[in-house]
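The values are calculated or read from the model by the stated rules, or taken from the named source; none is laboratory data. It should be emphasised that the depicted structure is a prediction, and the values quoted were computed from it without experimental measurement. Ideal geometry is used to build each Cβ from the backbone, glycine not excepted, and the neighbour counts take in all protein chains shown. In case anyone asks, the SASA skips ligands and DNA or RNA and just uses the protein heavy atoms, side chains included. Shrake-Rupley method; radii C 1.70, N 1.55, O 1.52, S 1.80 Å.
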Amino acid sequence: MADGARRNGPPPFDRPFEAEDTKQRVYGAVLHAREPMTAAEIAERADCSEESARTHLSFYADLGIVIRHEGRPVRYERNDDYFEWRRVNELARGHTVDELQARVSELTDRIETYRDEYDSDSPADVNVLEFDAEEVDNVYVDLGDWATAIEERRLHERARRKVAGSTAPSHS
């Protein structure tokens with residue numbers, strides 16, 4: 001592979017944070033973790049010393065980005081509530097109440113279409129085994145999109161309420 005292609009493309013799969021500083025590599029390792037991990041496991045993924053990982057993890061725990069689970073050994077995991085809060089705030093800062101309401105309505109329509117199509121209230125209620133083998137892949141795509149639409153609607157609605165609350169007239 002040419003050097004130019006490497007610089008412009010994604011990082012190597014085995015070292016995705018290679019160009020980042022230690023603090024960013026620790027952050028990335030936590031973000032990609034699927035379960036609580038020890039500082040040593042995070043340090044290995046972040047390609048840094050265990051002490052450096054602990055220092056940065058302590059900082060991230062103080063900010064609420066990671067959750068520290070006491071025990072032997074101490075384990076750390078990303079705080080999904082923090083990232084949801086951050087996403088809602090980004091939506092609220094970047095959109096008006098009307099824009100957020102329009103997106104909520106659009107997502108509601110998409111969810112209703114899936115409910116009608118699959119005669120079910122939730123993607124979790126759909127039995128994929130009831131479909132022909134050649135349809136299964138498309139059903140999984142639909143179910144994933146449906147679940148994403150439900151989650152996005154929830155976040156957009158939270159942001160809409162936040163913006164609406166911050167722009168409500170004062171009663172003083």
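Side notes on the structure shown:
- Asp119/Ile150 FRET efficiency (R0 25 Å; Cβ-Cβ; nearest 0.05): 0.90
- Based on protein heavy atoms only, segment 55-172 ends up with 66 Å² per residue of surface accessible to a 1.4 Å probe.
- Kyte-Doolittle mean at least -1.0, axial Cα span of 27 Å or more - DSSP H helices of the chain: 136-166
- Across the chain, the relative contact order, built from alpha-carbon pairs under 8 Å that are at least six residues apart, equals 18 percent.
- On the principal axes of its alpha carbon atoms, the chain extends 63, 53, 44 Å, with the longest extent given first.
- Carbon/sulfur fraction of accessible area - the chain, other protein chains in place, 1.4 Å, %: 48
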